[in-house]
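Have a look at the structure below before the remarks.
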Ligand SMILES: [Zn+2]
């Protein structure tokens, strides 16, 4: 039945979360990591545990990607503002 498949899927997602980082410890790394990724760093080389969490947690992935975009925008905006 479909319900069984959903249960198995849910279990595997939950288990992936248990094996890796939880959202809270993942979020604690975001600010530092996002700055490095925005500067061209490779998340897989920097913090593979966070990368693993991002692949299975869409909430954190969206938050992290937004953070990288904000930092990139800030870095880009900084240089254009200097000509003010
Ligand atoms: Zn998460």
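The values are calculated or read from the model by the stated rules, or taken from the named source; none is laboratory data. In this text the structure is predicted, and so the values were computed from the model without any measurement. Glycine also receives a Cβ, built like all others from the backbone with ideal geometry; neighbour counts cover every protein chain displayed.
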Original post:
Of 53, 17, which residue is modelled with pLDDT under 90 and either surrounded by 14 or more Cβ atoms within 10 Å (Cβ to Cβ) or within 15 Å of the ligand (Cβ to nearest atom) (or both)?
Top reply: 17
Original post:
Quick one: what pairs do we get from region 26-39, first residue part of a helix (DSSP H, G or I), second surrounded by fewer than 16 Cβ atoms within 10 Å (Cβ to Cβ), C-beta under 7 Å, 6+ apart or different chains?
Top reply: 33/46; 36/46; 38/72; 38/75
Original post:
Which of the residues spanning region 20-47 are farther than 12 Å from residue 68 by Cβ and within 15 Å of the ligand (Cβ to nearest atom)?
Top reply: 20, 21, 22, 23, 24, 25, 26, 27, 28, 29, 47
